[in-house]
Amino acid sequence: MSDEKVYVPPIKIQGIKTKIVPIIKQNIIIDEDTTWVEPFMGSGVVGFNIKPNKAIFSDTNPHIINFYNQIKSGEITSYKVREFLEKEGKKLEELDEVYYYEVRNRFNENHNPLDFLFLNRSCFNGMIRFNKDYKFNVPYGHKPKRFSKAYITKIVNQVAHVEDLIKNNNWEFKCQSFEKAISEAPEKSFVYCDPPYIGRHVDYYDSWDEKSEKNLKESLQESNKKFMISTWDYNEYRKNEYIDKIWNFCNKINKEHFYFVGAKETNRMPMMEALLINYIPNENGYNLNNYNQQIKYIL
Ligand SMILES: C[S@@+](CC[C@H](N)C(=O)[O-])C[C@H]1O[C@@H](n2cnc3c(N)ncnc32)[C@H](O)[C@@H]1O
C-alpha cells in the first residue's frame, strides 16, 4: 500500500472515485479469469486502476463510451490529442470564452469526442452535465491559458496510459443501461457499481431516484454475481437512509472521503463514503487506517 499509485484518466466527472480506488482494490475479489463489469464507468478511474484482463465498461453517456471506443479503434491516439489541443488551445487563448462556446455549440451538433475532451478540460470545475435535450451545458472555466504546454502533456500522458491498457487487455466499452450490463454479465464476473447518488444534487446524463436504486438491487440480486456498490453513508446533516432500506443485506465498508468537484458549496462537505458488498470482505481489506495519506496521485 505504501507506494500505491492511482492513475487519473483523461475525462473527469463529478463524483470521480480517485480517492477511494485503493480501498476498492483491497476489497474486491477477482482473479485473472474474472470479467470486471462496471455499468456506471464515468471517468473509468476505478477499473482503469484495477487493470483486469477482461472488462466490460459501460455507461448511458454515449460521449464517454465513444471517446474510449475511438481510443480502442485507434481513431484517437495520444499523438492526435496533442495536435488537437495545441491547435484548439491557441484559439482559446486568442478568443477566450467566445471560442469555448463555439466549441460547445460545435460539439452539441457533431459530437466529436476530441471536442468533448477539450470541453471537459476547460469547462467550469471539470464537470459533465447535459440538459434535458442532451446538450452539454457546463459554462466556461474562464482560463484562456488553460491548455499550456505542461497541461497538454499531462492530458496526453493520461490518454497514452489508457491507450496502453486498452491495447493490452480485453476491454469492451458499451453505451447501455445498468440493467442490460448486469443481466448480460458473463458467468464469472465481478460487478462494481457507482450509480449517481440519490438525494445529492448532482446532474448526470441520466437521472436517479428511489425506483432506480430498487431496480439496481433487483438486477444485482437476479444476476447472482459478487458485487460492490459505492455510495455515501452520511455527512454532517444527513444519513443515507437507503443503506438500511434497500441494501440491508450487504456488508458495509466506510472511510471519510472529501468531494472536491461540485458546483455547490453545500456539496463540498466532508462526507463518509461507503462500499457495500454481498460477500465476506478480504481479511486484510478491513484495515482502513490512513489509507488516504499513503497514496500518490498521478494527475
Ligand atoms: C457517479 S458517476 C460514476 C463515477 C465513476 N465511478 C468515476 O469514478 O469516475 C455515475 C455514472 O453513471 C452514469 N449513469 C447514470 N444513470 C445510468 C444508468 N441508468 N445506467 C448506466 N449508467 C448510468 C452516468 O452517466 C455517470 O457517468
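Within the range 146-167, does at least one residue satisfy the condition of being more than 21 Å from Val8 (Cα to Cα), of a type in the set (D, E, K, R) and at pLDDT 95 or above?
Of the range 146-167, the ones more than 21 Å from Val8 (Cα to Cα) are none.
No, the conditions are met nowhere in the range 146-167.
Taking the criterion of being within 19 Å of the chain's Cα centre (by Cα), within 16 Å of the ligand (Cβ to nearest atom), crowded, with 16+ Cβ neighbours inside 10 Å and not assigned by TED's automatic domain parsing to the domain that holds Asn224, would at least one residue in the range 102-113 satisfy it?
Residues of the range 102-113 within 19 Å of the chain's Cα centre (by Cα): 113.
With within 16 Å of the ligand (Cβ to nearest atom) added as a condition, the list becomes 113.
Checking the rest, the ones that are also crowded, with 16+ Cβ neighbours inside 10 Å come to 113.
Still in the running and not assigned by TED's automatic domain parsing to the domain that holds Asn224: 113.
Within the range 102-113 (the criterion being within 19 Å of the chain's Cα centre (by Cα), within 16 Å of the ligand (Cβ to nearest atom), crowded, with 16+ Cβ neighbours inside 10 Å and not assigned by TED's automatic domain parsing to the domain that holds Asn224), the answer is yes, since at least one residue qualifies.
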Check: What number of residues within the range 79-114 are in contact with a His (Cβ under 9 Å, 6 or more places away or on another chain) and within 17 Å of Lys154 (Cα to Cα)?
Finding: 0
Margin query: Within the range 164-187, does at least one residue satisfy the condition of being under 16 Å from Met41 (Cβ atoms), β-branched (Val, Ile, Thr) and more than 15 Å from the ligand (Cβ to nearest atom)?
Written below: yes
Next item on the list: Would you mind finding the one in Ser223, Ser230, Ser207 that is modelled with pLDDT under 90 and either more than 30 Å from Phe116 (Cβ to Cβ) or within 11 Å of the ligand (Cβ to nearest atom) (or both)?
Entry: Ser207
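Helices (runs of 4 or more DSSP H) wholly in the range 1-101 with at least 1 residues that are at pLDDT 95 or above and either within 16 Å of the ligand (Cβ to nearest atom) or open to solvent by 10 Å² or more (accessible area, probe 1.4 Å) (or both) - which ones? Spell out how you get there, then give the answer.
Working: elements: 21-27, 45-50, 62-73, 78-95.
Counting at least 1 such residues, we get 45-50, 62-73, 78-95.
The values are calculated or read from the model by the stated rules, or taken from the named source; none is laboratory data. Quick caveat: nothing in here was measured; it's all calculated off a predicted structure. Cβ: placed from backbone, ideal geometry, glycine included. Neighbour counts: every protein chain shown. Heavy atoms of the whole protein, side chains included, go into the accessibility calculation; ligands, DNA and RNA do not. Shrake-Rupley method; radii C 1.70, N 1.55, O 1.52, S 1.80 Å.
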